[in-house]
Each structure stands twice: as C-alpha cells, then as structure tokens.
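Notes follow the structure.
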Amino acid sequence: MLWAAIHLPDLSLQLRLRGTAAPGSVVIQDESHRPRVLSCNDAAIGLGIRFGMPVSAAFALAAGL
C-alpha cells in the first residue's frame, strides 16, 4: 500500500485569492473565541500583520481588512 502526505499551509488563502486581480490585504482567521490570524497575503505582511497575532491587532494595523 502506498501513502502520500501533502502539507498545504496556505490552501485557504490561495482559494480565497483565486481569480482576483488586485485583492489588497487579505487575512484568514480561525473560528475561536479570540480569533487569530492563520494566514495572510504579501500585502498584509507588508503592513506588519503576522501569523498568530490577534485579529483585533491586525485590524488596528490595516482597517480595510
């Protein structure tokens, strides 16, 4: 029997951005009581948004998320 393991950490972000010309800042968050950033595109990274930071802090850095 053959097994394959695929690691796609930004799949949700890639699906969200598919077919968009200029998406701006995009953040994917988790569904917890205190949501955190799971993934973000290059425009959001340029604004200082990082993986694991609270979404409220991400909104403080980029109000147009």
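The values are calculated or read from the model by the stated rules, or taken from the named source; none is laboratory data. These numbers were taken from a predicted model, which means no experiment stands behind them. Using ideal geometry, Cβ is built from the backbone for each residue, glycine included, and neighbour counts are taken over all protein chains shown. Note: accessible area is taken over every heavy atom of the protein model, side chains too, but ligands, DNA and RNA are not part of it. Shrake-Rupley method; radii C 1.70, N 1.55, O 1.52, S 1.80 Å.
Couple of notes before you dig in:
- One residue alone among A63, A57 is of a type in the set (A, V, I, L, M, F, W, C) and outside any loop (DSSP other than H, G, I, E, B), and that residue is A57.
- With respect to the conditions (1) in contact with a Leu (Cβ under 9 Å, 6 or more places away or on another chain); (2) in a helix (DSSP H, G or I); (3) open to solvent by 60 Å² or more (accessible area, probe 1.4 Å), F51 falls short on a single one, namely (2).
Quick grid of which residues meet (1) among the β-branched types (V, I, T); (2) modelled with pLDDT of 90 or more:
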| site | (1), (2) |
| --- | --- |
| A5 | no, yes |
| G46 | no, yes |
| I49 | yes, yes |
| A57 | no, yes |
| A62 | no, no |
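- Any hit, the stretch 33-46, residues being in contact (Cβ under 8 Å) with a residue 24 or more places away in the chain, on the phi > 0 side of the Ramachandran plot and not in a helix (DSSP H, G or I): no
- The residues of the stretch 6-22 that are open to solvent by 100 Å² or more (accessible area, probe 1.4 Å) and outside any helix (DSSP H, G or I), listed by number, are I6, H7, L8, R18, A21.
- Condition met for S25 (in a loop (DSSP other than H, G, I, E, B) and touching a residue at least 40 places away in the same chain (Cβ under 8 Å)): yes
- Residues located in the stretch 23-43, provided they are at pLDDT below 90 and over 14 Å from S12 (Cα atoms): P23, G24, S25, S32, D42, A43
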